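The values are calculated or read from the model by the stated rules, or taken from the named source; none is laboratory data. Because the structure is predicted, anything quoted here is derived from the model rather than measured. Positions of Cβ are backbone-derived with ideal geometry, glycine not excepted, and every protein chain shown enters the neighbour counts. These area figures cover heavy atoms from the full protein model, side chains too; ligands, DNA and RNA do not enter into them. Shrake-Rupley method; radii C 1.70, N 1.55, O 1.52, S 1.80 Å.
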Amino acid sequence: MKIALFTDLARSAFHRPVTERYPFEKRPAPPLYRGQVSWTAEGCTGCMLCVKDCPAEAIDFFTLDKANKRFVFRYHTDRCTFCGQCAYSCRFSCITLDDEAWELAGGDRAAFVVTYGRPEDIARVELEELPATGA
């Protein structure tokens, strides 16, 4: 038993470690990796299928003016299970799961709430605290 221990010790002394030097050396995520949800307003009709199909209730959708397509999309990263159901349900490909935004750890809870929309619409939603439609 002692011989095996010394053999392993001698072998490991002359080999490089198997572990990676993360966060100093980062490897790219796989191409189909499901990271943070991103939303683009172009093409969105406000159908709210993303809100209805989200099993974790991680999406709040505010409709300010449906005729002029003025929406605010609020995404709660801390609730999301990264299942991709919202992106699958979106008929107009407005929702994608970003394979580059996957380092999501943080100490501030406010950093886990991402709000998409026009700046003036976001300010209006935050000031008025409009009720979320759908959920």
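Can we say R74 is at pLDDT 80 or above, touching a strand residue (DSSP E or B) at 6+ places or on another chain (Cβ under 7 Å) and open to solvent by 30 Å² or more (accessible area, probe 1.4 Å)? Considered against the rule, which asks whether it is at pLDDT 80 or above, touching a strand residue (DSSP E or B) at 6+ places or on another chain (Cβ under 7 Å) and open to solvent by 30 Å² or more (accessible area, probe 1.4 Å), R74 comes out as yes. Being without any contact (Cβ under 8 Å) to a residue 24 or more places away in the chain, under 17 Å from L97 (Cα atoms) and in contact with an Asp or Glu (Cβ under 7 Å, 6 or more places away or on another chain) holds for only one residue in R79, R74, and it is R79.
What number of residues in the range 52-74 are within 14 Å of A87 (Cα to Cα) and more than 15 Å from the chain's Cα centre (by Cα)? Adding up the residues that qualify gives 2. Number of residues in the range 95-131 that are among the aliphatic types (A, V, I, L, M), touching a residue at least 40 places away in the same chain (Cβ under 8 Å) and farther than 13 Å from F62 by Cβ: the value is 5. Candidates in the range 82-119 are the residues that are among the β-branched types (V, I, T) and open to solvent by 50 Å² or more (accessible area, probe 1.4 Å); of these, the one that is farthest from N68 (Cα to Cα) is V113. When the range 9-45 is limited to residues that are hydroxyl-bearing (S, T, Y) and farther than 29 Å from T115 by Cα, the one that is surrounded by the fewest Cβ atoms within 10 Å (Cβ to Cβ) turns out to be T19. Would you be able to say whether some residue in the range 79-98 is modelled with pLDDT under 95, within 30 Å of P23 (Cα to Cα) and basic (K, R)? Yes, that holds for at least one residue.
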